[in-house]
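Here the structure comes first, spelled out in structure tokens, and everything after it is commentary.
The values are calculated or read from the model by the stated rules, or taken from the named source; none is laboratory data. Source: prediction; values computed, not measured. Virtual Cβ from ideal backbone geometry, glycine too; neighbours counted across all protein chains shown.
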Amino acid sequence: MIRAADLAFFLAIKVIGRTVKFEIEGWENWEAASRDGQIPIYTFWHDRVFLSTYFWQRRAIVVMTSRSFDGEYIARFIQRFGYGAARGSSSRGATGAVVEMVRLMRAGCPMAFTIDGPRGPRYVAKMGAVLLARRPAIRSCRLPLRRSGFEKLIAGTVPRSRELFTRATVLIAAPILVPPDADEALLDAKRDELQASLDELDRRGPRKILEVDHVRSSTGN
């Protein structure tokens, strides 16, 4: 069952992803989060996984996946797209997964979190990415890093349609820097900032969908 689910999701994402026309807004924010050897942490809502997996492939991004049945086939098909998988969740194996993510970040690998999933509450940002971003400066790396500290990159993919030959807008918000000496109050503030950034992407997303629908209806296509 795991092998079948792995292959089915891989083929579905690969086939549908190839038919999608991606439009990108905020690429300069990605560049800001990645320049000078900085290691970004990508965060997005759980229901944006489908097209996000295709768009961000082959970047050696490591994703936390649970140790459940679902987590196993997810880990397998994302690895086909060039991602890494750190196994754990908020309810099981979280400490080991975070330790592995810290190790891989020190080796130069970016991280990614479905920040509200998989158990929710939906569209409520959890603290995991913020805590990881606070980790101390990188001291030894396999990749050339010239600056310590980790940046946050918030990316959302809309519309949520899984149809063939659709348009998808990739919205990338400005990076959020979490200092390594951040106390509990500052961590809470950064989580709130992350929540606000993701909420703003959601507010922009529906307008983009309406604009596309209006163009289609007015042109007759």
(message) Here is a list: Arg135, Arg146. Which entry is modelled with pLDDT of 55 or more, closer than 15 Å to Ile39 by Cβ, of a type in the set (D, E, K, R) and part of a loop (DSSP other than H, G, I, E, B)?
(response) Arg135
(request) Could you check how many residues of the range 69-88 are among the β-branched types (Val, Ile, Thr) and closer than 15 Å to Cys109 by Cβ? (result) 1
(request) Name the single residue, out of those in the range 181-221 being under 22 Å from Leu51 (Cα atoms) and among the basic types (Lys, Arg), that is modelled with the lowest pLDDT. (result) Arg216
(request) Working carefully through the options Arg160, Arg119, find the one that is more than 28 Å from Phe22 (Cβ to Cβ), within 17 Å of the chain's Cα centre (by Cα), surrounded by fewer than 19 Cβ atoms within 10 Å (Cβ to Cβ) and modelled with pLDDT under 90. (result) Arg119
(message) I'm told Val178 meets every condition in (1) modelled with pLDDT under 75; (2) within 20 Å of Gly37 (Cβ to Cβ) except one. Can you identify the failing condition by its number?
(response) (1)
(request) Within the range 17-72, count every residue that is more than 28 Å from Thr95 (Cα to Cα), of a type in the set (Phe, Trp, Tyr) and part of a strand (DSSP E or B). (result) 1
(request) Being touching a residue at least 40 places away in the same chain (Cβ under 8 Å) and over 22 Å from Arg103 (Cβ atoms) is the filter; apply it to the range 67-80 and report the residue that is surrounded by the fewest Cβ atoms within 10 Å (Cβ to Cβ). (result) Phe69
(request) Determine which member of the set Ala33, Ala5 is touching a residue at least 40 places away in the same chain (Cβ under 8 Å), surrounded by 15 or more Cβ atoms within 10 Å (Cβ to Cβ), closer than 21 Å to Arg191 by Cβ and not acidic (Asp, Glu). (result) Ala33
(message) Restricting to the range 163-195, name every residue that is part of a loop (DSSP other than H, G, I, E, B) and touching a helix residue (DSSP H, G or I) at 6+ places or on another chain (Cβ under 6 Å).
(response) Leu164, Phe165, Ala173, Ala174, Pro175
